[in-house]
Amino acid sequence: MPFTASQLVIWGIALLATLGILLRPWRSPEYAWAAGAAVLLTVTGLVPWPAALAAVAKGGDVYLFLVGMMVLAELARQKGLFDWLAMVAAGHANGSGQRLFDLVFLVGTLVTILLSNDATAVVLTPAVYAAARAARAEPLPYVFVCAFIANAASFVLPISNPANLVVFGSHMPPLLTWLKHFTLPSLAAIGVTYAVLRFTQREALRQPLSRDFNTQPLSTSARLTAWGIGLTAVVLLLASALDAQLGLPTFCAGLATVIGVHVLERASPLPVLRHVAWGVLPLVAGLFVLVAGLTQTGLTTRLAHGLADLAAQSPAQASWLGGLVIGVASNLINNLPAGLIAGSMNQIAPLPTQTTAALLIGVDLGPNLSVTGSLATLLWLIAVRREGGHVSALGFLKLGALVMTPALLAALALLTAVNL
């Protein structure tokens, strides 16, 4: 059955929003295109107001999670925690670019696993930028690590990426089952990402780094902020173990840290709140409305039944097809909407765990191709711009094609091998 005119218009608006987010004509902010497309869909009646509001409400947990993380990151930046971490990392590098790269990659992997990929983008990127500056090195080879490991390590644990909870929904497997499916694919994705990044950045990493550092002791406020970030990691692990949503605990941990620090200083928290990148919230809300519009076109239902039929005949073929297609699609519509679509497909036509796992790998790892691929990458890009850096969409795409392609193929190959 062919698509109707209204359905084609919805796809056209979604495509226009994606291009706007990717190209940012007239230096417009990304959220303007996502939110503008959402408003256009609603005022034209293509997405009814009740459906649009319901779609925005679906992101409640995501909004709380992002606010908690962004507040913690801004607090850490203002209290000098990032500068101190930068000096420590640069000092341990001992003048070696390769050693600093390895340190950043290791820390980025751990932060992603325990605090989520969004935390790596928001919290770690400014610290790495500061470390490169302190070492008098070109920041981008090291900052790229934050972008790519944020997605490559994002399916080690369920809490490593909020999209994981969206994809599986109520069908979330037990932790041991999760580890059975994802441990080897995760190791493959992380290992391949490291190897390709290290190779492509080899010339920059050969440049000697400065050894002249003057590391100042941490202030009491910075120490309390560090404890707050550590507490947030513990809270997220407990929430995951209890199968609870992550947004509210993250928000509360971030709010408690901000209040605690400023009560100690007898100062106002407004400077921290003023510099948070609040534009991320309308960006995410707009993406949720776009997904609601795309779902109305009926494409999700067609894809769900088609993939379920293929999985019944050949789980391996369904896994490869689903993982590759959703991986590419994540770069066109962002992986958060792609995750919502994948989760909807699993509800419309229940899929085997292997096929759902492949969809999740595509949603998590596929976005390493482009700057619009994942919310974490967009947050990373905002952090880089804030530090005065510039990364073009084409430049990221060229590197992303080299990094993502072998990592995604290796992860899907091992997932298929595990389930033979």
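Each row is one residue, and each column tells you yes or no for (1) in contact with a Gly (Cβ under 6 Å, 6 or more places away or on another chain); (2) in a helix (DSSP H, G or I); (3) at pLDDT 80 or above; (4) not charged (D, E, K, R).
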residue	(1), (2), (3), (4)
LEU303	no, yes, yes, yes
GLY306	no, yes, yes, yes
ASP309	no, yes, yes, no
GLY327	yes, yes, yes, yes
GLY339	no, yes, yes, yes
GLN347	no, yes, no, yes
Where CYS252 falls short, out of the listed (1) among the hydrophobic types (A, V, I, L, M, F, W, C); (2) closer than 25 Å to ALA34 by Cα; (3) surrounded by fewer than 20 Cβ atoms within 10 Å (Cβ to Cβ); (4) in contact (Cβ under 8 Å) with a residue 60 or more places away in the chain: (2)
Taking the options THR372, THR355, name whichever one is outside any loop (DSSP other than H, G, I, E, B) and not aromatic (Phe, Trp, Tyr). THR355
By residue number, the members of the range 77-128 that are buried (at least 24 other Cβ atoms within 10 Å of the Cβ), β-branched (Val, Ile, Thr) and under 25 Å from LEU64 (Cβ atoms) are VAL111, THR112, THR120, VAL122, VAL123, THR125
Does at least one position in the range 58-68 carry a residue that is more than 30 Å from THR297 (Cβ to Cβ) and not charged (D, E, K, R)? yes
Output for the range 248-283, where each listed residue is under 20 Å from the mean Cα position of the chain (by Cα) and either in a loop (DSSP other than H, G, I, E, B) or at pLDDT below 80 (or both): VAL276, ALA277, TRP278, GLY279, VAL280
Of the residues that sit in the range 41-97 and are part of a helix (DSSP H, G or I) and of a type in the set (Lys, Arg), which one is farthest from GLN216 (Cα to Cα)? LYS58
Quick check on GLN216: is it under 24 Å from VAL88 (Cα atoms) and either touching a residue at least 60 places away in the same chain (Cβ under 8 Å) or in a loop (DSSP other than H, G, I, E, B) (or both)? yes
Any residue that is outside any helix (DSSP H, G or I), farther than 28 Å from LEU165 by Cα and without any contact (Cβ under 8 Å) to a residue 12 or more places away in the chain - is there at least one of those in the range 222-234? no
In the range 307-315, is there at least one residue being surrounded by fewer than 17 Cβ atoms within 10 Å (Cβ to Cβ), farther than 27 Å from GLY12 by Cβ, in contact (Cβ under 8 Å) with a residue 60 or more places away in the chain and more than 22 Å from the chain's Cα centre (by Cα)? no
Going through (1) touching a residue at least 60 places away in the same chain (Cβ under 8 Å); (2) surrounded by 19 or more Cβ atoms within 10 Å (Cβ to Cβ) one by one, GLY362 fails only at (1)
PHE144: of a type in the set (Phe, Trp, Tyr), within 29 Å of PRO352 (Cα to Cα) and in contact with a helix residue (DSSP H, G or I) (Cβ under 8 Å, 6 or more places away or on another chain), yes or no? no
Take the residues of the range 3-33 that are in a loop (DSSP other than H, G, I, E, B) and in contact with a Ser or Thr (Cβ under 9 Å, 6 or more places away or on another chain): which is surrounded by the fewest Cβ atoms within 10 Å (Cβ to Cβ)? THR4
Residue hits (the range 396-416; free of Cβ contacts under 8 Å to residues at least 24 places away in the same chain and either aliphatic (A, V, I, L, M) or farther than 20 Å from ASN335 by Cα (or both)) are LEU409
Residues being in contact with a Lys or Arg (Cβ under 9 Å, 6 or more places away or on another chain) and modelled with pLDDT of 90 or more - total across the range 99-140: 3
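Okay, residues lined up against (1) hydrophobic (A, V, I, L, M, F, W, C); (2) touching a Ser or Thr at 6+ places or on another chain (Cβ under 8 Å); (3) farther than 23 Å from LEU332 by Cα; (4) free of Cβ contacts under 8 Å to residues at least 60 places away in the same chain:
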position: ALA35; (1), (2), (3), (4): yes, no, no, no
position: ALA38; (1), (2), (3), (4): yes, no, no, no
position: LEU41; (1), (2), (3), (4): yes, no, no, no
position: GLY45; (1), (2), (3), (4): no, no, yes, yes
position: ALA51; (1), (2), (3), (4): yes, no, no, no
position: VAL56; (1), (2), (3), (4): yes, no, no, no
position: MET69; (1), (2), (3), (4): yes, yes, yes, no
Name every residue in the range 34-50 that is of a type in the set (Gly, Ala, Ser) and surrounded by 17 or more Cβ atoms within 10 Å (Cβ to Cβ), in order of residue number. ALA34, ALA35, GLY36, ALA37, ALA38
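Of the residues LEU415, LEU409, which single one is crowded, with 22+ Cβ neighbours inside 10 Å and out of contact with any strand residue (DSSP E or B) (no Cβ under 9 Å at 6 or more places or on another chain)?
Exactly one residue qualifies, and that residue is LEU415.
The values are calculated or read from the model by the stated rules, or taken from the named source; none is laboratory data. Because the structure is predicted, anything quoted here is derived from the model rather than measured. Because the Cβ atoms are built from the backbone with ideal geometry, glycine has one as well, and the counts that use them run over all protein chains shown.
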